Amino acid sequence: MTDSLRDDILRLRGPIFVYGASGFIGATLFERLFAIRKDVYALTHDARKAWRLKLLDVPSENVIHCDIVSPTSVKGVFDALQPKTIFNLAAYGAYSKQQNIILTYETNVIGTVNLLENCGPDQVYVHAGSSSEYGFNCTAPAETDPVEPNSHYAVSKVSSAYLIQFYHRVHQKKAVNLRLYSIYGDWEEPDRLIPKLVENARKGQLPPFVSPEISRDFVYVDDCVAAFVKSALADFQVIGGHSYNIASGVKTTIADLAQTTRTAFNVAQEPVYGAMQNRKWDLADWYGDPTAANRDLNWKAEISLAEGLRRTADWQNRQKYEERVLPAFANPYLNPVISAIIACYKDAQAMPYMYERLVKTFNEMKVRYEIIFVNDRSPDNSEEVLEELCAKDPNVIGITHSRNFGSQSAFLSGMEISTGDAVVLMDGDLQDPPEIIPSFYEKWQEGFEVVYGTRVQREMKPHIHLFYKGFYRVFQSLSYIPIPRDAGDFSMMDRKVVKELVALPETEQFLRGLRAWVGFRQTGVPYVRPERMFGVSTNNWRKNIWWAKKAIFSFSFVPLELMSYGGIALTGLSILGIFYQILAKYIFAPDTPQGFTTVIILITLFGGLTMMGLSFLGEYISKIFEETKKRPKFIRTKVRKGGKMYQTSEEIRTLVAQQKK
C-alpha cells in the first residue's frame, strides 16, 4: 500500500460501511481499510461467500449482518452505527452461476434504493457499478455515451446508475457510481480466469482459454480500492450523481493475457484456445475510457497487468493458497450453518435478548446462522416481537402454532423447517445460555453427532434442585436405554440426527429420550443453568410429575415388570399364608384368633396394588390410544421468513418442502 493511499484512508469520515464485504472486491476493500483503522464494518448476508471473512479473522464486532433488500434491516444498522462513508459492493447476477433474475433486481435495484433512502446529507455513498452497463456499446465508451445493456445484470446496474443520478439531483445525496471493468487480484473466486491462470502459472502451466480475440480491460484490485477511496474524498459538487469508468484504457485480448503470463512466469507451455466455451456476453472489443476518472477523481490505474499477475501470485503464496483458500472455497463445512430453534411460551421479553446474544455468539464463532423462534400460541405479545425480529434479520424464521402444543412439538416444528448443518434446541426463557453453544460446536467438529448440556448446577431453590436430580437418577435406572444424567433439551445435533428424529412416527414425543434412543456418537458439556431472566416458570409440581410420567412410561417397562414381580411375590405370600393358617390351627397354635383387622389390611393392600397395577396399564394403554389417533404433532398458522409471510396451509407446505431440499 502506498503512503498516499494510507493517508487517504485516514482522511475518510467514519464509521465506514462496506456492503458486500464477503465478496471479492468488498473483502479486499475491507481488508485494506481495516489494516489502517478500526471503525470499518463488514456488512454481509451472503453466507455462501463468508469464507473470506473467516480466513481474514475479522473480529465479530466488525461483522454486521444486514440484508439490503430489507428496509428495516438497513435502517436498523444505520440507526445503530451512524456511518459517514458507505461503500456498496453488494451485487448479484454478475457470474454465470447466479441465475435468479428476481434476486438480481432485488439486490441491485431495491438494495440501492434502501441504502440511498437512509443516507443523509452528511453521508457519502460510493456505488460499485459495472462496465456491463454499456453492453453492446463496449468499445472504449465515455460515460456520456449511450448504454446498451445486454443482460439482466446489466439492466439492473443501469437502473442503479439512474437511481444515483436521481437521488443526487432531486434529494442532494452525495452519491457516485463507479463502473468497474475486469478487476482481478487478492480474494477473487478461485474458479475465475485470473486466479486459475496464476495458480497454473505458478506451476509452470496454463489453463484452457476461450477464444483468443475476446478482450478485457484488466485493473488490479489495489487500483480499484484506490478508486473507491478517492471517490469518497472527491468534491461531490463535481462528481455527485455521475458514473465513472474504473478502467486502465488498455485493450487486452485473451491471447495478450496468455503471452503476458508466459513471459512473467517463464511458462514454456503453448496456450490452448477455444477449449472453454465463450460466455454469452463475451465481446471482442471490451475496454474502457478512464479519462473522466483521471480528471475528476485524480485516479488512474498504476499497476500493469504483468505486475498485477506477479502480485496475485505472491498473495497466493503468502496465503498458502492450496492449503487454505481452495479448501475454504470448496468446502461449505468450513462455514457451516447452525440452526437455533427456540421454543417460546410467555417469553416475549426474553426473545430480543435471546436474538442479540445468539447473533453475537454466532458472529464470534464465524459461522452462518439460522434462528427459528416457535411461538407456541403464547398469550403475550410474542407475535409482535417475532414480526420485528424477522423484519430486522432475513436469517430469522418465525413459526406460530394454532394452540399450545408443548415444547416438544415446538422443537419438532422448528426442526422440520430448519436447514442447518447442525441444530441447537433451546428454551426461550434464556435458561439455556447461548454462550455455551461454542462448546457444543467444538465437540461437534470433533465428530460427535449429539452434544447435550449437562446441568451441573441449577440456580433455583434447593428442594426443587434435589427433585430434578432425583428424577434423572430414577429415570436413568429405569430406562431400557442409556439416558444421560441431568441432560435436558438444550443440545446440538447433527443434521443426520435431526432427520431421524423428525421422521419418527410417534405422536407423544419426549425428545431427550428419543435423542438417546437414536444413538450416534454422543457427549455432554457441563454448564450452570441460570434462573429465568423474566417472569416465572410455567412448570409447576403437577406439570413436573406429568413430565416424569411421560419420560418413564415412554422409555421404561419397569412398571410392568414390577407388577409381574409383585403378583408373583404376593401369590407366593398368599400360599405361605394358607399353609401357615393350616399349620397354626391344627398343630402349634390352635387358639390363633381369626382377626377382622387382618382381613381389612389384606383387602386394602391387594386393592391398592390392584389399582396401582391398573394405573400402570392405563398409562401404557393411553399412550397406545394416543398413537392410534395419528393426529399431527402440531399445526402451524403462519411462518415468517425474513420479510416474507406464509399463511395458507399450501404456502406453508411448499415452504417446508423447499426447506427440506
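The values are calculated or read from the model by the stated rules, or taken from the named source; none is laboratory data. What you see is a predicted model; the values in this text were computed from it and never measured. Quick reminder, even Gly has a Cβ in these numbers, built from the backbone with ideal geometry, and neighbours come from all protein chains shown.
Identify, from the list VAL502, VAL525, VAL518, the residue that is touching a strand residue (DSSP E or B) at 6+ places or on another chain (Cβ under 7 Å), among the hydrophobic types (A, V, I, L, M, F, W, C), at pLDDT 75 or above and within 19 Å of ASP421 (Cβ to Cβ). Quick ask: steps written out before the conclusion?
Working: VAL502 fails: touching a strand residue (DSSP E or B) at 6+ places or on another chain (Cβ under 7 Å); VAL518 fails: touching a strand residue (DSSP E or B) at 6+ places or on another chain (Cβ under 7 Å).
Going through VAL502, VAL525, VAL518 in turn, the sole match is VAL525.
Only residues that are at pLDDT below 60 and part of a loop (DSSP other than H, G, I, E, B): list them for segment 432-460, please.
Correct list: GLU459, MET460.
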For residues that are polar (S, T, N, Q) and not in a loop (DSSP other than H, G, I, E, B), tally how many sit in segment 383-430. 5
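Run down SER160, SER130 and say which single residue is under 12 Å from ASN245 (Cβ atoms), polar (S, T, N, Q) and modelled with pLDDT of 90 or more.
Details: SER160 fails: under 12 Å from ASN245 (Cβ atoms).
Just a single option satisfies the conditions, and that option is SER130.
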Could you check ILE246 against (1) surrounded by fewer than 16 Cβ atoms within 10 Å (Cβ to Cβ); (2) under 19 Å from SER130 (Cβ atoms); (3) in contact with a helix residue (DSSP H, G or I) (Cβ under 7 Å, 6 or more places away or on another chain) and say which number it fails? (1)
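Residues checked against (1) over 22 Å from THR112 (Cβ atoms); (2) of a type in the set (Ser, Thr, Tyr); (3) not in a strand (DSSP E or B):
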| site | (1), (2), (3) |
| --- | --- |
| GLN205 | yes, no, yes |
| PHE209 | yes, no, yes |
| ASP223 | yes, no, yes |
| ALA226 | yes, no, yes |
| SER231 | no, yes, yes |
| GLY241 | no, no, yes |
| TYR244 | no, yes, no |
| GLY249 | yes, no, yes |
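Go through segment 39-83 and give me each residue that's more than 15 Å from the chain's Cα centre (by Cα) and not in a helix (DSSP H, G or I). Write out each step before concluding.
Of the residues in segment 39-83, the ones more than 15 Å from the chain's Cα centre (by Cα) are 39-42, 52, 55-59, 61-62, 68-83.
Passing the criteria: ASP39, VAL40, TYR41, ALA42, ASP57, VAL58, PRO59, ILE68, VAL69, SER70, GLN82, PRO83.
Kindly indicate which of ILE25, ILE86 is in a strand (DSSP E or B), crowded, with 23+ Cβ neighbours inside 10 Å and in the same structural domain as PHE236 (by TED's automatic domain parsing).
After ruling out the rest, the residue left standing is ILE86.
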Which numbered condition in (1) under 16 Å from LEU43 (Cα atoms); (2) outside any loop (DSSP other than H, G, I, E, B) is the only one that THR104 fails? (1)
Residue ranges of helices (runs of 4 or more DSSP H) in segment 304-376 with at least 3 members in contact (Cβ under 8 Å) with a residue 60 or more places away in the chain, within 18 Å of GLY185 (Cα to Cα) and out of contact with any Asp or Glu (no Cβ under 8 Å at 6 or more places or on another chain): 305-318, 325-330
Identify, from the list ALA50, ALA142, ALA35, ALA80, the residue that is surrounded by fewer than 16 Cβ atoms within 10 Å (Cβ to Cβ), closer than 25 Å to TYR369 by Cβ and of a type in the set (A, V, I, L, M, F, W, C). ALA80
